[in-house]
Amino acid sequence: MSRPVYDSTVVRVEATGERFSYLNNANGDWLCVDDSGVLTTQSYVNDAAIWRVDGAGFSHAVADISIGATSTEIEHTTQLTLVGDAVSSGGRTGEAADFMVNHGPERLPSEYLAELREKGWVSLTCILSPSVVDDLQRIGCVDDYENESPERVNPIVHPAMTKVTVEPISLWIMREYMQTRDVKLGHPPGVSALTRDDGKREVQGWHTDFPYLWGTGDRVPLPSGDLVLGMQRNTCISEFTQENGATIFKLGSHASNAAPPDEWGITNHTFRRGYRAEHGLPYGGPDTDVIVAPAGSMVLYDSRTWHRAGVNNTDRKRGAMIQAFIPGFIIPFMDTSNMYKMFLESDTADQLTARDCKELDNLMVHKIMGPAGLFAITTDDDLTKRVRDQMASA
């Protein structure tokens, strides 16, 4: 029996129109107020690094500190003063330094984290600046650029791709949620463009994401309990709507520590040729949810959450950037080292801060420490060919 395309509960997240700011020094570190109430800088974003525009300057989002500024305009440099004294690059008073005013979040990072812990998912609504969103749409040839042809280059050489990959609040949240600083990308970054559904193509069914992969091979066969082995970050390059193929979820299902039911149409079954013609689309009924979000938003969720691909019933391509994050002790889904080496060979690093480059290295280079020292782990081309030949002949 064919199933309807959608009868899901629509969960709509909308921009509030309010926005905090970041203040970054030339290295890319964030101006913050430490636990003792002192102005300083740090290499990550939590509540201590969040500022709001306050007249001709900024006031801290949590601490009772205000600073003067020569400019409060997003993506412009500014010089800062604390009680009339110039603020230096390290955050203390001294020689005046240039800081960049950057597009910040709608809410405090701690609020996002609390919601993720409660629900298993959270939307960082419009967390990306309009300029970065425009660059991503151009790279993916979606929205205003959908009639253009994509460049045949490694996407990581685009600065916008790196800026999204190292987005600081989502990384801080995922590290806190997975309880480890050593977080890696599970596969290389990339932009996807979902075209109009033709009514025939096989569709990804219900599953959980890497590394669990329940419904697609059950790579982690047993529940992991309080140990979170993966997080997913869906970046809305285009607006995500029910009509253009927004991901369908069973929100809260991560807490069951169980696989989605076979009768919903799991990926193991739906990717078989002829499945759709016989059974229709995987289940999309009232027990499911669709998160509708504006472009520039990031939806973070526990990788154990049941979900499946939506279908695009519009004539416009829908852009997305889907990324899996894992603790450093988990083997990645795909090798990220070759793409990272292409980044090193490009001039992209010259267009980024030292902090962005260091974070990308942390995320894409998988390392192991043993008696013989520190090693970067990657794939072996010769052994890969060998195991593929063995599989083909089996």
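Applying the criterion of being of a type in the set (S, T, N, Q) and in a helix (DSSP H, G or I) to the residues of the stretch 147-178, the residue that is surrounded by the most Cβ atoms within 10 Å (Cβ to Cβ) is 170. Look through the stretch 34-69, keep the residues that are polar (S, T, N, Q) and not in a strand (DSSP E or B), and return whichever of them is surrounded by the most Cβ atoms within 10 Å (Cβ to Cβ). That would be 46. In the stretch 115-146, the residue that is farthest from residue 194 (Cα to Cα) out of those that are aliphatic (A, V, I, L, M) and in a helix (DSSP H, G or I) is 116.
Quick one: how many residues across the stretch 70-83 are assigned to a loop (DSSP other than H, G, I, E, B) and not charged (D, E, K, R)?
Kept after step one, since they are assigned to a loop (DSSP other than H, G, I, E, B), are these residues of the stretch 70-83: 70-75, 83.
Going one step further and asking which of them are not charged (D, E, K, R), we end up with 70-72, 74, 83.
Residues flagged as assigned to a loop (DSSP other than H, G, I, E, B) and not charged (D, E, K, R) within the stretch 70-83 amount to 5.
Identify, please: which residue in the stretch 265-291 is hydrophobic (A, V, I, L, M, F, W, C) and over 22 Å from residue 217 (Cβ atoms) and is, among those, surrounded by the most Cβ atoms within 10 Å (Cβ to Cβ)? That would be 291.
Could you please find all residues in the stretch 191-205 being within 30 Å of residue 169 (Cβ to Cβ) and either surrounded by fewer than 16 Cβ atoms within 10 Å (Cβ to Cβ) or more than 21 Å from the chain's Cα centre (by Cα) (or both)? Full working, then the answer.
Taking the stretch 191-205 and keeping what is within 30 Å of residue 169 (Cβ to Cβ), we get 191-194, 204.
Across the stretch 191-205, the qualifying residue is only 192.
Based on this model, can you work out whether residue 129 counts as touching a strand residue (DSSP E or B) at 6+ places or on another chain (Cβ under 6 Å), modelled with pLDDT under 95 and of a type outside the set (Val, Ile, Thr)? The answer is no for residue 129.
Out of curiosity, is residue 282 more than 21 Å from residue 161 (Cβ to Cβ) and in contact with a helix residue (DSSP H, G or I) (Cβ under 9 Å, 6 or more places away or on another chain)? Spelling it out, residue 282 is indeed more than 21 Å from residue 161 (Cβ to Cβ) and in contact with a helix residue (DSSP H, G or I) (Cβ under 9 Å, 6 or more places away or on another chain). Only a single item in (1) within 22 Å of residue 354 (Cα to Cα); (2) over 29 Å from the mean Cα position of the chain (by Cα); (3) touching a residue at least 24 places away in the same chain (Cβ under 8 Å) is not met by residue 79, and it is number (3).
Within the stretch 1-22, identify whether any single residue is under 25 Å from residue 125 (Cα atoms) and without any contact (Cβ under 8 Å) to a residue 12 or more places away in the chain, and answer yes or no. Within the stretch 1-22, one or more residues are under 25 Å from residue 125 (Cα atoms) and without any contact (Cβ under 8 Å) to a residue 12 or more places away in the chain. Any chance the stretch 115-131 includes a residue that's farther than 23 Å from residue 288 by Cα and hydroxyl-bearing (Ser, Thr, Tyr)? Checked against the condition, which is being farther than 23 Å from residue 288 by Cα and hydroxyl-bearing (Ser, Thr, Tyr), the stretch 115-131 yields at least one hit. So, in the stretch 15-33, exactly how many residues are among the aliphatic types (A, V, I, L, M) and either touching a Phe, Trp or Tyr at 6+ places or on another chain (Cβ under 8 Å) or surrounded by 19 or more Cβ atoms within 10 Å (Cβ to Cβ) (or both)? Adding up the residues that qualify gives 3. For the stretch 216-264, filtering for residues that are in contact with an Asp or Glu (Cβ under 6 Å, 6 or more places away or on another chain) and either outside the structural domain of residue 301 (by TED's automatic domain parsing) or surrounded by fewer than 20 Cβ atoms within 10 Å (Cβ to Cβ) (or both) leaves 1.
When 194, 213 are screened for being touching a residue at least 12 places away in the same chain (Cβ under 8 Å), aliphatic (A, V, I, L, M) and not assigned by TED's automatic domain parsing to the domain that holds residue 31, only 194 passes. Selection over the stretch 45-74 of residues that are over 23 Å from residue 113 (Cα atoms), of a type in the set (A, V, I, L, M) and over 24 Å from the mean Cα position of the chain (by Cα) gives a count of 5.
There is no residue in the stretch 84-92 that is in contact with a strand residue (DSSP E or B) (Cβ under 9 Å, 6 or more places away or on another chain), closer than 26 Å to residue 123 by Cα and part of a loop (DSSP other than H, G, I, E, B).
With respect to residue 101, is the statement that it is buried (at least 16 other Cβ atoms within 10 Å of the Cβ) and either out of contact with any Lys or Arg (no Cβ under 6 Å at 6 or more places or on another chain) or under 19 Å from residue 355 (Cβ atoms) (or both) true?
Numbers: buried (at least 16 other Cβ atoms within 10 Å of the Cβ): yes; either out of contact with any Lys or Arg (no Cβ under 6 Å at 6 or more places or on another chain) or under 19 Å from residue 355 (Cβ atoms) (or both): yes.
Answer is yes for this residue.
Okay, residues lined up against (1) among the hydroxyl-bearing types (Ser, Thr, Tyr); (2) not assigned by TED's automatic domain parsing to the domain that holds residue 238:
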position	(1), (2)
95	no, yes
122	no, no
145	yes, no
148	no, no
152	no, no
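The values are calculated or read from the model by the stated rules, or taken from the named source; none is laboratory data. These figures come from a predicted structure and were not determined experimentally. Backbone-built Cβ (ideal geometry, glycine too); neighbour counts: all protein chains shown.
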